[in-house]
1. Where does the protein assembly as shown land on Rg(C-alpha)/(2.2 N^0.38 Å)?
2. What does the average come to when, for each residue of peptide B:16-28, you count the partner chain Cβ atoms lying within 10 Å of its Cβ?
3. Would you kindly derive the ³J(HN,Hα) couplings of segment B:137-143 from the backbone phi angles with the Karplus curve 6.51 cos²θ - 1.76 cosθ + 1.60 (θ = phi - 60°), listing them in order in whole Hz, with x for Gly and Pro?
4. Place +1 on the Cβ of every Lys and Arg and -1 on the Cβ of every Asp and Glu in chain A, take the dipole about the Cα centre, and give the residue among A:PRO131, A:ASN17, A:ALA174 whose Cα lies farthest towards its positive end.
5. Under the Karplus relation 6.51 cos²θ - 1.76 cosθ + 1.60, θ = phi - 60°, what is the ordered set of whole-Hz ³J(HN,Hα) values for segment A:77-86, x standing for Gly and Pro?
6. Test of understanding: ordering B:LEU171, B:LEU6, B:LEU32, B:LEU116 by Cβ neighbours within 10 Å, fewest first, what list do you get?
7. Got a sec? Charge dipole of segment B:6-225, +1 on Cβ for Lys and Arg, -1 for Asp and Glu; which of B:LEU142, B:SER69, B:GLY160 is way out at the positive end?
8. What does the charge dipole of chain B about its Cα centre add up to, to the nearest 20 debye, if the Cβ of each Lys and Arg holds +1 and the Cβ of each Asp and Glu holds -1?
Amino acid sequence: MLEQGYNRSLYAVMFNNFFHRLASPKHFYRIAGAWIPWLAGACLLLFLAGLYYGLVVAPPDYQQGDSYRIMFIHVPAAWMSLFIYMVMAGAGAIGLIWRIKLAEVIAISSAPVGASFTFLALVTGSIWGKPMWGTWWVWDARLTSELILLFLYIGVIALHSAIEERRTAARAVAILALVGVINIPIIHFSVEWWNTLHQGPTVTRLDKPAIHLSMLIPLLLMALAFKLYYAFVVLMRARCEVLARERSAGWVRELVE
Amino acid sequence: MNTDSLPRAFMVLVRRDLVLAIRHRAEIANPLLFFILVTSLFPLGIGANPKLLVAVGPGIIWVAALLASLLSLDSVFRSDFDDGSLEQYLLSSHPVSVLVLAKIIAHWLITGLPLLLVSPLLGILLGLPSEAIQVLFITLLLGTPVLSLIGAVGVALTVGLRKGGMILSLLVLPLYIPLLIFAAGAVDSAAAGLPVTAHLSLIAALLVLALSLSPFATAAALRVSLS
């Protein structure tokens, strides 16, 4: 490795080495184990800050009063459901093209987390919808496409558990996830392309956000907290998956003893 | 398959599947009868109120077509998988995506085309107005190939599994939902006398998208299933 890096800077070589080590399950297990407590701690701090600013400091909405505050859970959960699907599809594509085991592990570890966030987004949306719109559910474009996303996640989990050999299962799941990627832009643009009851984009658009700063800040804090939550949960799940996959390897036996 | 050129291989596959289907007529008849039966069940179940039937008719016919298509999907690769021909397709020098396209086209001719031809009759059974029946025909003409194409990806992923049938539904039905929404919406608009070009354009777009991408996804899925 250092011979190859002879003409490159030392930093480039260290960078390369780090990623090569990270792709090895044994080193990933150790490195992820070191990161998890820090990510969890940062996540907790951000949750506390976001909830404080969102529930206590942010002013009540002039139209919706205090019941808009469920937005601080609903919107980050919905953002996470889309983000995790893209991570799953991307990791699946990497596993399919370059056969990197860890990419397959991350993809399958993300699926249940993504499904949970999608379910959370749908449920909190329903709870918000009942006082606001007068109904628990409406079959408009955004809600329907988010429901399809939940079905896609469940399909990925089901297909993975139906195939016994793990590597084949990971590759099949990658193909399924990639086929479903078409749904993501549909979900995002559904409120622009169709007449929906769900409101239009207020933050993720090219114009400046159509939301007041005092509400935007807790929203972004919660979004970051959810991302860190996903990060440490997926690392925990990935560690378990790595142990299961590599159970016949020497380093796993050493760990058990 | 001793053919040298790709077009010949393509035609050989299509003809073989069609000849096999004609010799086992049940493969053509069963999905068709299922389609007719399920559509007929609804007026019996929800009451024969003509206004109600016109209102829900397009959706019923489309959902029945979806389910009939789902049931017939298993036959795309099953017999080839069982006797080993599927591995020969993968091992041949021809691009697998083209061979897969041949199989899908044959499957549509065997299962989708009969559904299409019977749909005006079912439209009359449910009392749909004639503009709605015309649009129903067009949506099925554009939509049943999409069902075969998207379904082929699902079948390719589950062909190696023992109890693949249930999980096939779970994988494929979410991908069918946009098509169902546009197609049923088109027929509803036609029944109300509104323009349908937007709906039909979207279904045509889905067809072009599926036609261009699904053979590659199916070929990749077959490689995974047979590995």
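Bear in mind that the values in this text are calculations on the coordinates, not laboratory data. Remember, it's a predicted structure, so these values are computed and weren't measured experimentally. Note that each Cβ is placed from the backbone with ideal geometry, even for glycine, and that neighbours are counted across all protein chains shown.
1. 1.12
2. Other-chain Cβ atoms within 10 Å of each residue's Cβ, averaged: 0.
3. Once θ is set to phi - 60°, the couplings for segment B:137-143 become 4, 5, 5, 5, 4, 7, x Hz.
4. Of the options given, the answer is A:ASN17.
5. The phi angles translate into 5, 5, 4, 5, 4, 6, 4, 5, 5, 5 Hz.
6. Numbers: B:LEU171 28, B:LEU6 14, B:LEU32 17, B:LEU116 21.
Ranked by crowding around the Cβ, least crowded first: B:LEU6, B:LEU32, B:LEU116, B:LEU171.
7. Result: B:GLY160.
8. On the way: 11 positive and 10 negative charges, 30 e Å.
Using Cβ point charges on Lys, Arg, Asp and Glu, chain B gives about 140 debye.
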